[in-house]
Amino acid sequence: MRIAAKAKRVAGTAGHAGVLVFFVTFLAFPFYWMLMTTFKTTIDLHDVSKNPFLFNEAPTLEHLKVLFEDTQYLQWLINTGAVGVAVVAITLVLAVPAGYALARMTGAWGQTLGIAIFLTYLVPPTILFIPFSRIIGALGLQDSLWSLVLVYPSFTVPFCTWLLMGFYKAIPRDLEDAAMIDGLSRLGAFVKVVTPISLAGLLTVIIFTFTLVTQEFVYGVTFITAASSYTVSVGVPTFLVRGDVYFWGSMMGACLIASVPIALIYNLFVDRFVAGFTVGAVK
Amino acid sequence: MATATAAKTQVSYRPRLADNERWLWRLMLAPAILYIVLLVGFPFLLSLYYSLSDVTVGSREMNFVGLKTFARIIENRTFWTALRNTLVITIVTQIFALFFANVLAMALSTDFRGKWFVRFLILLPWVAPISLGAIGWLWIYDSIYSVINWTGQALRILGPNDWPIWLGQPNLAMASIIIVQVWRIVPLATVIILAGLTSIPQDIHDAAQVDGAGFWRRLLQITFPLLLPITLVAVLFGVIFTFTDLIVVFVLTRGGPYDTTQVLASWAFFTGIQGGDLAGGAAVSLFLFPVLTAVAIVFLILARRAEVT
């Protein structure tokens, strides 16, 4: 009896481990493969007769050198960072007051408006990019990073307003009411009492906005054709793939360097994003 | 008690301020709403108008042509291919993603050592920019150096002369695209379902166990029914992200070989932006809208339910 129970437990653990190994292999493999490819010599990469999972020649830094010295990759990283910072600023300025107002409005209006704003997040760039291409042209912003700074808040503001509304709702009204009895105005209570305790929420919004900016592709590829104005997610697939020669080592390095830091930071906040995604279906 | 005092203070100390607050809320909301109206609402209306016009990239003026543009795009066989592919990719992806995400969420709901690292690895496809992840796959699917083919031959799954060209044959290319979409959606679906799993109170399981319900019975009669709303959320987001996606097809196949893997979003891009036919592109992209409306309605129903309970 005890042996049977033990066997069952061992089988359960093995099954559990098996499931995890399968999924980690499937989901993380492309990134492992980027890592291997980045440091392999070109000759090694192109030798089909040898085991591709091993370093058949000594690892090399040549691909990274090419990436940073002979391409505009570094510029693309800087562009992404600059657009990210600007979009974060715009998003905060617009979404913070809106989120707070939606959380504190009395009556059904707050909830209804909140959901309406959330739903605009569902309108994808692939519907809007065609009219935008002409609008951006009319504004003379083609090939300018300002086009991205202008348009990206259209998808960061709705979702971040929704997230912030949730955060502010979780803060008890009594705190502000107490502060207001002590003589602060509503705005004063918001700035001096609510904002300090909602810093975690603001940080979440900052991270989320930044990752959305880094991931965006459709608008970037539509508005920008000058290589020096690309962001990372657009520059690598359009510029480094062009032509018949693929510099796989450099490309994989480019993908890896841009992906991993974002993934690390995002990972810290993922539970908060999920809380926003689940639209209150989980309490 | 606390709310009662709060209400009393509002009445007795600041009758005027309560009135002012309505204006404060409007003032705080106005910038965000204005931005959304100008940068989502206006372009959307413009898109509707474009689809009824003959506008091109270079044209200075545009004429209203009614439904002629729609008539023109549905005459094109590639449009129907794109529509079919979009539906096939979306549906097949959701089926696989949902199955995988449930299994994976179940495995992640127990505690084990190194869990945070496993979770980090599992989340990578969702968190990393998809255009870069897709390039990783482009290399994995490479026609000469595909690591899948090498491994297949090494394990004798593929014969010595079998060397599938993943992105070069229509059916294989569709399968390759679906694999990448599943790869990208599974992490998001998993964390959403995991949030639902952890929200089921342990005492329900304990009580059922005391009453003699086994693992499968609990799974089928407790876990799945309680998970239904959250699973729906995972499916809705999955549908949106696969249905409207341009990136995976753009990076992997550019719609090829011979336009057999075009989807609505990529066909809109190649027609409207690269082909310069803005009217046609707008019309194609509007075919995304009915499904999005349906998704939005389900979200509304879910949100209302959450409000009531």
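Remarks
- Of the residues examined, A:Val21 is not one that is more than 9 Å from chain B (Cβ to nearest Cβ), within 30 Å of A:Leu203 (Cα to Cα) and not aromatic (Phe, Trp, Tyr).
- Any hit, region B:139-160, residues being over 16 Å from the mean Cα position of the chain (by Cα), among the aromatic types (Phe, Trp, Tyr) and within 26 Å of A:Thr231 (Cβ to Cβ): yes
- Conditions (1) closer than 17 Å to A:Ala254 by Cα; (2) not in a helix (DSSP H, G or I); number of the one not met by A:Glu57: (1)
- Taken over region B:221-274, the residue count meeting the criterion of being more than 21 Å from B:Val88 (Cα to Cα) and within 8 Å of another protein chain (Cβ to nearest Cβ) is 4.
- Some residue of region A:46-58 being in contact with a Phe, Trp or Tyr (Cβ under 6 Å, 6 or more places away or on another chain) and free of Cβ contacts under 8 Å to residues at least 24 places away in the same chain: yes
- Condition check for B:Leu232 on (1) surrounded by fewer than 21 Cβ atoms within 10 Å (Cβ to Cβ); (2) farther than 17 Å from B:Val182 by Cα; (3) not hydroxyl-bearing (Ser, Thr, Tyr): one failure, at (2).
- Qualifying residue in region B:268-279 (condition: crowded, with 24+ Cβ neighbours inside 10 Å and under 22 Å from the mean Cα position of the chain (by Cα)): yes
- From the options B:Gln202, B:Gln221, residue that is modelled with pLDDT under 85 and either loosely packed, with under 13 Cβ neighbours inside 10 Å or touching a Ser or Thr at 6+ places or on another chain (Cβ under 7 Å) (or both): B:Gln202
- Scanning region A:220-256 for residues that are part of a helix (DSSP H, G or I), more than 30 Å from A:Pro59 (Cβ to Cβ) and out of contact with any Phe, Trp or Tyr (no Cβ under 6 Å at 6 or more places or on another chain) turns up A:Gly220, A:Val221, A:Phe223, A:Ser228, A:Ser229.
- Test: residue in region A:181-195 that is within 11 Å of another protein chain (Cβ to nearest Cβ), buried (at least 21 other Cβ atoms within 10 Å of the Cβ) and of a type in the set (Ser, Thr, Tyr): no
- Conditions (1) within 30 Å of A:Val149 (Cβ to Cβ); (2) free of Cβ contacts under 8 Å to residues at least 12 places away in the same chain; (3) surrounded by 11 or more Cβ atoms within 10 Å (Cβ to Cβ): number failed by A:Val88: (2)
- Scan of region B:287-309 for residues that are surrounded by 16 or more Cβ atoms within 10 Å (Cβ to Cβ) and either under 15 Å from B:Asn76 (Cβ atoms) or more than 10 Å from chain A (Cβ to nearest Cβ) (or both), ordered by number: B:Phe287, B:Val291
- Answer from B:Val57, B:Val37 - the residue that is within 8 Å of chain A (Cβ to nearest Cβ), within 20 Å of B:Ser285 (Cα to Cα) and surrounded by fewer than 19 Cβ atoms within 10 Å (Cβ to Cβ): B:Val57
- Region B:246-280, residues that are under 20 Å from A:Pro237 (Cβ atoms), small (Gly, Ala, Ser) and part of a helix (DSSP H, G or I): B:Ala265, B:Ser266, B:Ala268, B:Gly272
- Residue match in region A:203-215 (condition: outside any helix (DSSP H, G or I) and either farther than 22 Å from A:Ser147 by Cα or under 23 Å from the mean Cα position of the chain (by Cα) (or both)): no
- Apart from one condition, B:Gln94 fits all of (1) within 7 Å of chain A (Cβ to nearest Cβ); (2) touching a residue at least 12 places away in the same chain (Cβ under 8 Å); the exception is (1).
- Residues (closer than 24 Å to B:Thr151 by Cβ, of a type in the set (A, V, I, L, M, F, W, C) and buried (at least 16 other Cβ atoms within 10 Å of the Cβ)) located in region A:42-83: A:Leu45
- The lone exception for A:Tyr121 - which of (1) within 25 Å of A:Thr231 (Cβ to Cβ); (2) surrounded by fewer than 19 Cβ atoms within 10 Å (Cβ to Cβ); (3) at pLDDT below 90 it fails: (2)
The values are calculated or read from the model by the stated rules, or taken from the named source; none is laboratory data. If you're wondering where the values come from, they're calculated on a predicted model, not measured in any experiment. Glycine gets a Cβ as well: all are built from the backbone with ideal geometry, and neighbour counts include every protein chain shown.
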